[in-house]
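Note sheet for the following structure.
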């Protein structure tokens, strides 16, 4: 059985400020590093064979905390990076609502159909991420693989692996350092854990 641990990066300042990060390199906060520490301790109980990460620093630093704790190298996979949010990047939700009202309303109601100015679409994100993940799966059969990525990208991956339409994008939540576990059993994928942050229970 192949098991994927699909994990969102730790907290950044822009997460706190509710800004669209996209492909910008925003550092982890001290709280984000602490989240990574607790996450690493949780994953130490698993038999992890490989760790892959987005090339954006917030994901890579989260993955590195895990890797250092279990003595595994982090392999960079640019295809796991976050959706390029184009002209929205750096803006708060309130800014976006004010400056891009129509696009924002579409993003809220039918995100799988919207084209944010100068941005990727959800299907483009899903296609690039899924292609790279299938290559990894074929390369590392019957292994336990950690993939550290980003909220939007992770949602498209989960929907893609489970063969669920992207119109369901808003029905999935992803918190910082959330763990999602998906197993490949015989000829199908099984979701065994979703948005699990129990390792953060002791963080005040």
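Bear in mind that the values in this text are calculations on the coordinates, not laboratory data. On a predicted model such as this, the values are computed, not experimentally measured, just so you know. We place every Cβ from the backbone using ideal geometry, glycine too, and count neighbours over all the protein chains shown.
For the listed peptides 115-124, 136-145, 28-37, a ranking on the average number of other beta carbons within 10 Å per residue, highest first, reads 28-37, 115-124, 136-145. Separation of the range 12-51 from the range 154-204 is 16 Å, based on Cα centroids. Computed FRET efficiency, Cβ-Cβ of residue 163 and residue 41, R0 22 Å: what is it to the nearest 0.05? According to the calculation, E is roughly 0.05. Once the Cα atoms of helix 30-43 and of the chain are each reduced to a long axis, what angle between those two axes, in degrees from 0 to 90 to the nearest 10, is obtained? That works out to roughly 40 degrees.
For the chain, the longest principal axis of the C-alpha atoms and the axis of helix 151-161 are separated by about 60°. For the chain, the mean residue ellipticity at 222 nm estimated from helices alone is -11500 deg cm²/dmol, where every DSSP H run of n ≥ 4 contributes -39500 (n - 2.57) and the total is divided by all residues, rounded to the nearest 500. You can think of it this way: the chain between residue 143 and residue 108 has 8.9 nm of extra reach, that is 0.36 nm per residue less the Cα-Cα gap.
The calculated pair-distance distribution of the chain uses every alpha carbon pair, bins of 10 angstrom beginning at 0, and gives 9, 37, 37, 15, 2 percent. Shown for the range 1-110 is the translational diffusion coefficient from the Stokes-Einstein equation, using the Kirkwood radius over Cα pairs, a temperature of 37 °C and a viscosity of 0.692 mPa s: 215 µm²/s.
For the peptides 52-64, 75-87, 179-191, residues were scored by their other Cβ atoms within 10 Å and the scores averaged per peptide; the highest-first order is 52-64, 75-87, 179-191.
Length gained on full extension, residue 87 to residue 194: 35.5 nm, using 0.36 nm per residue less the C-alpha separation.
Among 193, 21, 174, the largest mean-square fluctuation in a Gaussian network model of the chain, built with springs joining Cα atoms closer than 10 Å, belongs to 193. Were the residues from residue 101 through residue 170 laid out at 0.36 nm apart, the gain over their Cα-Cα distance would be 23.0 nm.
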